[in-house]
1. Working out 0.36 nm times the residue gap between T111 and N31, then minus their Cα-Cα distance, what length gain in nm do you get to one decimal?
2. Can you give me the three principal axis dimensions of the stretch 134-173 from its C-alpha atoms, in Å, biggest first?
3. Might you tell me the accessible area per residue for the stretch 79-176, computed with a 1.4 Å probe and given in Å²?
4. Pull out the extension gain between C167 and Y72, defined as 0.36 nm times the separation in residues minus the alpha carbon to alpha carbon distance; nm, one decimal.
5. Report the calculated FRET efficiency for T130 and Y23 (r = Cβ-Cβ distance, R0 = 35 Å), to the nearest 0.05.
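The values are calculated or read from the model by the stated rules, or taken from the named source; none is laboratory data. None of the values given here were measured: they were computed from a predicted structure. Every residue, glycine among them, receives a Cβ derived from its backbone with ideal geometry; neighbour counts consider all protein chains shown. Ligands, DNA and RNA are excluded from the accessible area calculation, which covers all protein heavy atoms including side chains. Shrake-Rupley method; radii C 1.70, N 1.55, O 1.52, S 1.80 Å.
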Amino acid sequence: MADVVDVRDVKQYKPRLPTLPRYFKELYLFNEDNVEWLANRVLVATKETRGGALSSVHKMTICLRYLADPGYQKGIGQELGIDQETVSRSVSEVVDSIVAQANQWIKFPTTNNEIMEAKQLWRRKFRFPTAIGVVDCTHVGIQKPYLHGDEYINRKGKPTLNVQATCDASEKFISVDVSWPGQYTIQGFGKTLL
């Protein structure tokens with residue numbers, strides 16, 4: 001008597017759509033060289049070659065495409081020739097990696113020398129003495145959380161996070177705070193840090 005063996009079908013991968021170079025910056029808001037630099041700097045290079053494994057650069061382009069135009073992940077997946085789940089995983093992986101490394105790039109001056117250098121740069125570039133940074137806030141749209149969702153509804157009736165950022169004279173972020181629900185106002189909004 002012969003045993004019946006189920007043979008698994010060979011997995012079929014969707015053909016990935018190539019990105020047209022002339023539309024690259026329009027789609028991802030970065031040049032190709034910058035995306036490659038970001039991918040190499042932020043993501044751990046992988047040697048994975050099984051099936052439809054994505055390179056670090058491909059994961060970064062997926063994330064940037066989603067962040068540039070945060071529509072439906074399924075639509076972006078269809079546009080790029082991947083599944084919605086792959087878009088979701090790629091965006092999460094890239095964003096988590098950026099957040100984990102944020103302290104390497106976002107640094108508020110803490111020593112006397114750093115503070116003096118920041119003041120001198122403001123004075124030299126903008127004739128703005130004694131400043132070390134400028135502060136501004138914005139609301140970033142989010143999906144309404146299940147718990148305490150009403151706290152995230154801003155004055156325009158939309159669920160948001162209230163983001164406060166400080167930049168130095170070189171237009172680099174030196175502090176970012178995303179801990180306030182959209183309903184609350186961050187103190188110091190639009191003020192210059194002295």
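1. On the way: separation 80, 0.36 × 80 = 28.80 nm, distance 3.50 nm.
My answer for the length gained is 25.3 nm.
2. Projected onto its principal axes, the Cα set of the stretch 134-173 covers 39, 17, 12 Å.
3. Values: 6660 Å² over 98 residues.
That works out to 68 Å² per residue.
4. Values: separation 95, 0.36 × 95 = 34.20 nm, distance 3.13 nm.
Full-extension gain reported as 31.1 nm.
5. 0.20
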